[in-house]
Every structure is written in structure tokens, then in C-alpha cells.
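Encoded as C-alpha cells, the structure appears first; notes follow it.
The values are calculated or read from the model by the stated rules, or taken from the named source; none is laboratory data. Nothing here was measured: the structure is a model prediction, and the numbers come from that model. As a convention, Cβ positions derive from the backbone with ideal geometry for all residues, glycine included, and neighbour counts pool all protein chains shown. Surface accessibility is based on the protein's heavy atoms, side chains included, excluding ligands, DNA and RNA. Shrake-Rupley method; radii C 1.70, N 1.55, O 1.52, S 1.80 Å.
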Amino acid sequence: TQYGCEVWQPDDNCRFASYTLRMCFDYKAQMEGSDVIHWNNGLWDLCDLFGDGAFTPMEDYVRTMVRIARILKTYAPTVIFATSTPPSPKMWGHDAERIKAYNAAVAEALTAEGVLINDLYALTAADIDRYVAEDTLHLSEEGMICDDLTPLSPKGIEVCADRVVEAITKHL
């Protein structure tokens, strides 16, 4: 079955969960009345920049994500959260086990709120070398912070895009 869908996304990177929470107010007009909202936060929150743990402590991350979910559920009947994808083992500041733990904690909390979970972590962890770009973190050019990081992983983009489309169209 074919669906005619209007897709909206912010023009900027949604950064940390707390930034997304703040921007839910500004983006209300674009999101309110949607059939499905599919979203993710994580990699910025889970990065250990200073060697003293994730930028956002897990308890704060989960609490903020629940607040976001509750707001998004007032905008759309179906809300889907995509788990954060794993980094390459070569990536500094990001740890696959930390990401896995945060994903598990947030998935449990969001499921309790009636949010559906799209597990992109499990999908891409099966073959990190194939799905993660040579920058060792991203799947696509969007979000790249260094101009000299090429080439990217079209297979990672494709497999995640297919999973997102599948997750959304189930609820249209």
C-alpha cells in the first residue's frame, strides 16, 4: 500500500534531549495534528567529552525523554522513539555499552508511557563496519561536524530509513 505522507523535521540538529524538550514548544504548530511522530535523541546526551561520564546523566536523560514523550503524545496519537545507534569501537567519547544501557532505560520508561520503540541500535549493531560511516559515529551526512570526514555509509542510511518507514507506515 502506498501512503501520501507529509514529512516535517526541524531545520537544525535537535542536539540534546533538553534542547528538544525546549523546542517542542516552538515546533508545536508543525507537529500538532500529526498522525505519527517518530523521534530520537541520544548521541549528544551520551557522549563523554571530559572523561567523567555521559554529558547527560542517565536519570536526567530518561526524565527529559519522558517529558518529551508526554508532550508529543498531545500532538499525535502515535509516538515512536528510535534508539540511538552504536558507534564504531574506534569512536572516542562514545561507548556502545553506555548507549545500550541508556537505550534500555529510556525504552522501558517510554514504553510505560505508551511510546513505541524502533530499535535502530539492534539493527545496526549487527554489522557496525557496514552501517556506521567512516567518521565512526554517523549514518549520514546530516549532523556531520567535520568537513573532511568521508565517505559515508549509504548502507547504514538505507537500512535505518527502511526501518523508520516501516515503523511509521504501520500506524497510518
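Filter the range 113-133 down to the residues that are of a type in the set (Asp, Glu) and closer than 16 Å to Glu158 by Cβ, then identify the one that is modelled with the lowest pLDDT.
Asp129
Checked against the criterion of being of a type outside the set (D, E, K, R) and open to solvent by less than 50 Å² (accessible area, probe 1.4 Å), the candidates Gly4, Gly33, Gly51, Gly42 yield just one match: Gly42. The set of residues in the range 98-134 that are open to solvent by 40 Å² or more (accessible area, probe 1.4 Å) and not in a helix (DSSP H, G or I) comprises Glu113, Gly114, Leu116, Ile117, Asp119, Ala126, Asp127, Glu134.
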